[in-house]
Amino acid sequence: MRRGIGLLLLLAPLVAHAGAQKYEPLSASVHGALSRSVSDRAPQHSSFENSSVATDWLSEMSGRLAKRIPDRATRLDFLRSVHYEATRAGLDPQLVLGLIQVESGFKKYAVSSAGARGFMQVMPFWVKLVGRSDDNLFHLRTNLRYGCTILRHYLDIERGDLYRALGRYNGSLGQAAYPNMVRAAWYRQWKYTGSTLALR
């Protein structure tokens, strides 16, 4: 069984897994909250507690990500952006890294058979639903902002149940394969004991 999961993780970078996120009507209040969340373009500030925590986390994650994103400057910008957007949405950045590994294999321009785009495989209907017409889902920060906002939304709907929220994110609610793949990637590749962050 463990060998089978390992094989799935090796294959994950080759396939974009999302694309089945389902359009669901939103209440006016939820629509407004999601719109504000994805459109907030306030200048970035550090999402780390202090420079020492930032240095430790970035160094550790950069080493783990080096084979997938070889250019150091690009890799560090990616990691800072993931940490910022995940923290902003109340998510564990390492969980988001696990989700990206499964969704796109860290490929910026990944497109699923259903048309989901970018690192977090966001479906274009979200732009029409809560965004702006010029939002580019292949843009790093935009893709992460949408993906983290959507996962937070699903966690709220499911009252913190990560298993069900991940099922919604993938469009496979009630099926174990996708949540198990994300959790396996999170715990085996990206779990960071030096972090004091917890999923809220």
Output the residue which, of all residues in segment 127-161 that are among the polar types (S, T, N, Q) and closer than 17 Å to Ile100 by Cβ, is surrounded by the fewest Cβ atoms within 10 Å (Cβ to Cβ). Thr142
Check Tyr163, Tyr178, Tyr154 and return the single one that is among the hydroxyl-bearing types (Ser, Thr, Tyr) and touching a residue at least 60 places away in the same chain (Cβ under 8 Å). Tyr178
Given Arg145, Arg164, which one is under 11 Å from the mean Cα position of the chain (by Cα) and either in a helix (DSSP H, G or I) or of a type in the set (Asp, Glu) (or both)? Arg145
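A quick yes/no check of all residues on (1) crowded, with 20+ Cβ neighbours inside 10 Å; (2) more than 30 Å from Glu49 (Cβ to Cβ); (3) modelled with pLDDT under 95:
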residue	(1), (2), (3)
Gly118	yes, no, no
Tyr163	no, no, no
Gly171	no, yes, yes
Gly174	no, yes, yes
Val182	yes, no, no
Can you pull out the residues in segment 72-109 that are of a type in the set (Lys, Arg) and not in a helix (DSSP H, G or I)? Lys107, Lys108
Scan segment 1-19 and tell me whether some residue there is surrounded by 15 or more Cβ atoms within 10 Å (Cβ to Cβ), modelled with pLDDT of 55 or more and of a type outside the set (Val, Ile, Thr). no
Residues in segment 122-142 that are out of contact with any helix residue (DSSP H, G or I) (no Cβ under 9 Å at 6 or more places or on another chain) and assigned to a helix (DSSP H, G or I) total 2
Quick check on segment 110-121: of everything there that is free of Cβ contacts under 8 Å to residues at least 60 places away in the same chain and in a loop (DSSP other than H, G, I, E, B), which residue is farthest from Leu79 (Cα to Cα)? Gly118
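The values are calculated or read from the model by the stated rules, or taken from the named source; none is laboratory data. Note that the structure is predicted; figures quoted are calculated from it, not measured. Neighbour counts are summed over all protein chains in view; Cβ atoms, including those assigned to glycine, are modelled from backbone coordinates with ideal geometry.
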